[in-house]
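For reference, the structure is listed below as structure tokens.
Every number here is computed from the coordinates shown, using simple stated rules; none is lab data. Keep in mind that what you see is a predicted model, and the values were worked out from it rather than measured. Cβ atoms come from the backbone with ideal geometry, glycine included; neighbour counts cover every protein chain shown.
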Amino acid sequence: MRRILWFRRDLRTDDNPLLSLEGEVLPIFIFDPAILSGLARDDRRVTYLFEALLRLKASLRLRGLDLILFHGRPAEVFSWLLENGAFDEVCASGDYDRYARERDRDVSHLLPFRYLNDTYIFEPDEVLKNDGSPYLVFTPFYNRAKALFTPIHMKEHLPASQQLLAWESGVIHVIADQHRRTTPISLESLGFSPAPLAPYLSPSEKLVRFSPLLSCYATERDFPALGATSHLSADLRFGMISIRAVLRWLAGEKKKGTDTEPFFRELVFREFYAMLLYHFPALTAENFRYLFAGVWNGEYAEAFYEGRTGVPLVDAGIRELLETGQMHNRVRMVCASFWTKNLLLPWQEGEKFFAAHLLDYDAASNILSWQWSAGTGVDPQPYFRIFNPYTQGKKFDYEGEYIRRWIPELSGVEAKILHDESKLSRLMLSGYPPPIVEHKSSSQRALEHFKEVLY
Ligand SMILES: Cc1cc2nc3c(=O)[nH]c(=O)nc-3n(C[C@H](O)[C@H](O)[C@H](O)COP(=O)(O)OP(=O)(O)OC[C@H]3O[C@@H](n4cnc5c(N)ncnc54)[C@H](O)[C@@H]3O)c2cc1C
């Protein structure tokens with residue numbers, strides 16, 4: 001058997017089902033211009049991904065294998081591979097967003113395509129209602145997932161004996177309108193330049209750091225200044241650690257007597273969103289409920305994109321995002337609520353902004369979370385639930401530590417003022433704007449708008 005092992009969201013050698021298939025193999029990764037072309041030259045994710053690929057390549061070499069890098073439309077790369085070699089099948093782990101499924105379908109017309117479940121704990125149609133339909137509400141999905149979960153779901157994939165098929169190295173560009181060429185392996189040869197990244201911490205190092213925090217996860221995870229979460233989302237997004245390895249670590253913590261359920265529940269949230277986007281791909285751009293479309297306002301959007309809305313918790317979150325590619329979950333919720341409700345802007349545009357900056361960007365989690373915040377998604381979250389960003393700040397960043405960390409202009413402002421809209425509005429600060437909207441009246445406007453679009 002001669003197989004192409006197509007690495008996508010599984011950039012690791014440990015516990016990787018691709019490496020547990022015996023025989024002759026060609027491990028590849030494809031830089032897809034459909035994804036790269038919309039990105040800035042110094043996009044942080046490209047540097048992050050590139051470094052992960054170099055680590056993967058080195059790790060494969062230690063096993064006598066290698067990673068061959070391609071640049072081109074996947075269907076064209078596979079056509080070219082088939083012109084230049086004989087292969088029996090391509091193996092890859094599931095990638096379920098709309099573009100990925102169309103891409104894989106095109107490739108499957110050229111070569112038998114074998115899916116291996118790796119990205120998620122469950123297959124997309126494993127956790128369904130008794131009548132075979134998908135769950136729309138998280139809690140019943142979660143209860144079913146817990147009931148179905150067995151040790152098989154965290155079983156490690158051990159490596160098999162594999163022989164590398166000879167192939168040239170470098171980045172092989174297979175672009176339809178250009179001659180095929182091979183360039184050295186560098187970001188520059190893909191049209192990008194390196195972006196600064198935080199010092200690298202491997203997923204296992206993150207788990208060691210997180211272990212003593214796990215017992216407080218339920219009570220501390222919502223406080224952005226504490227950093228009391230795992231910080232594993234980008235690793236899970238790109239598969240730098242297998243979800244099964246996280247579950248085995250969690251099982252070990254449970255044996256020590258720690259309550260692991262709150263963390264497990266979040267991992268299942270990721271499954272829920274992936275399952276929903278798989279079954280309802282139209283949710284990528286369309287509402288599940290309400291005709292809500294938002295009302296475009298360029299000035300509001302610009303202030304939000306720059307972290308200059310005058311609402312401290314929102315601006316702190318956006319500045320964290322712009323500087324690091326990350327944002328705490330609670331703050332993501334507050335920002336998305338502010339965008340869709342207080343600013344009454346279309347959720348799709350806010351989703352795009354997050355997608356352009358998040359290091360852990362994952363279509364399912366991002367889209368469904370934005371739909372949840374807008375109140376247009378499948379969850380029965382009522383549209384009239386609107387986060388008050390000041391109350392949220394008071395509750396989850398009482399001392400204003402997180403806010404001041406990201407907004408130096410507010411370094412001398414007392415916490416009680418940071419969480420008091422009327423006092424903040426009267427404060428004349430040089431360099432920091434007053435709030436662009438008032439919470440009460442903007443919420444009222446959103447409620448009226450939603451009443452008109454109910455169906
Ligand atoms: C508007 C909005 C957009 C979001 N966009 C993304 C995104 O693009 N990519 C992404 O991975 N997460 C997204 N999330 C979910 C969540 O904010 C991040 O997963 C979390 O902040 C990552 O930090 P962590 O790894 O320390 O999480 P932890 O709290 O340590 O959780 C462990 C893992 O569980 C998963 N998880 C946790 N919370 C959620 C959640 N609410 N929904 C889905 N999965 C969850 C993640 O894989 C995370 O790494 C979004 C949330 C909101 C409100």
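If R0 is taken as 22 Å, the Cβ-Cβ distance between A40 and R98 corresponds to a FRET efficiency of 0.40.
Hey, what did segment 296-455 get for relative contact order, percent, Cα under 8 Å, at least 6 apart?
Once divided by the residue count of segment 296-455, the mean separation gives 26 percent.
For segment 156-166, 3J(HN,Hα) computed residue by residue from phi via the Karplus equation (6.51, -1.76, 1.60; θ = phi - 60°) reads 6, 8, 8, x, 9, 7, 10, 10, 6, 6, 5 Hz, glycine and proline entered as x.
Take every Cα pair under 8 Å whose residues are at least 6 apart in sequence, average their separation, divide by the length of the chain, and the relative contact order is 17 percent.
Would you please give the residues with an amide H less than 5 Å from that of L21, counting only those at least 5 places away or on a separate chain, with H modeled from the backbone geometry? Placed amide hydrogens put A160 under 5 Å from L21.
One decimal place: the segment L291-R209 gains 25.0 nm when fully extended, by the rule 0.36 nm per residue minus the C-alpha distance.
Ordered by the number of other Cβ atoms lying within 10 Å of each residue's own Cβ, fewest first, S211, S365 fall into the sequence S211, S365. Residue-wise HN-Hα couplings along segment 345-351, as the Karplus relation 6.51 cos²θ - 1.76 cosθ + 1.60 with θ = phi - 60° gives them from phi, are 9, x, 4, 4, 6, x, 4 Hz; Gly and Pro carry x. The H on the amide N of S193, modeled in the peptide plane, is under 5 Å from the matching H of D42, D43, each at least 5 residues off or on a different chain. Pairs from the table (K352/K451; K394/K423; K395/K440) lying more than 20 angstrom apart at Cα are K352/K451.
Couplings 3J(HN,Hα) of segment 227-240, computed from phi: x, 8, 10, 7, 6, 9, 4, 6, 5, 5, 4, 9, x, 6 Hz, in residue order, whole Hz [Karplus 6.51 cos²θ - 1.76 cosθ + 1.60, θ = phi - 60°; x for Gly and Pro]. Amide hydrogen proximity for L164: with H placed 1.01 Å from N in the peptide plane, the residues at 5 or more positions away or on another chain lying under 5 Å are V25.
Mind checking the dipole of segment 393-451: about its Cα centre, +1 per Lys or Arg Cβ, -1 per Asp or Glu Cβ, Debye to the nearest 20?
It works out to roughly 180 debye.
Axis angle, to the nearest 10 degrees, between helix 138-148 and the longest C-alpha principal axis of the chain: 40 degrees. Only beta bridges with both residues in the chain are counted; by DSSP, about 10 percent of them are antiparallel.
Among the chymotrypsin sites (Phe, Trp or Tyr not before Pro) in segment 267-325, those placed in a DSSP loop whose Cβ has at most 12 other Cβ atoms within 10 Å are W296. The overall shape of segment 298-453 is oblate: from the C-alpha gyration tensor, with semi-axes ordered a ≥ b ≥ c, the ratio a/c is 1.5 or greater and a/b is no larger than b/c. Within segment 279-295, what residues put their amide N at less than 19 Å from the label point 7 Å along the Cα-to-Cβ vector of K451? Residues 290-295 qualify, since their backbone N sits under 19 Å from the label point.
Taking a straight line from the alpha carbon of K155, these aspartates and glutamates sit under 14 Å away, with near neighbours fewer than eight places off in the same chain left out: D14, D15, D118. Here's the list of aspartates and glutamates a cross-link from K416 could span, going by alpha-carbon distance under 15 Å and ignoring same-chain residues fewer than 8 apart: D397, E399, E401.
Summing Cβ point charges (Lys, Arg +1; Asp, Glu -1) relative to the Cα centre of segment 298-453 gives a dipole of roughly 440 debye. With helices as the sole contributors, the chain gives -12500 deg cm²/dmol at 222 nm; each DSSP H run of n ≥ 4 counts as -39500 (n - 2.57), and the sum is divided by every residue.
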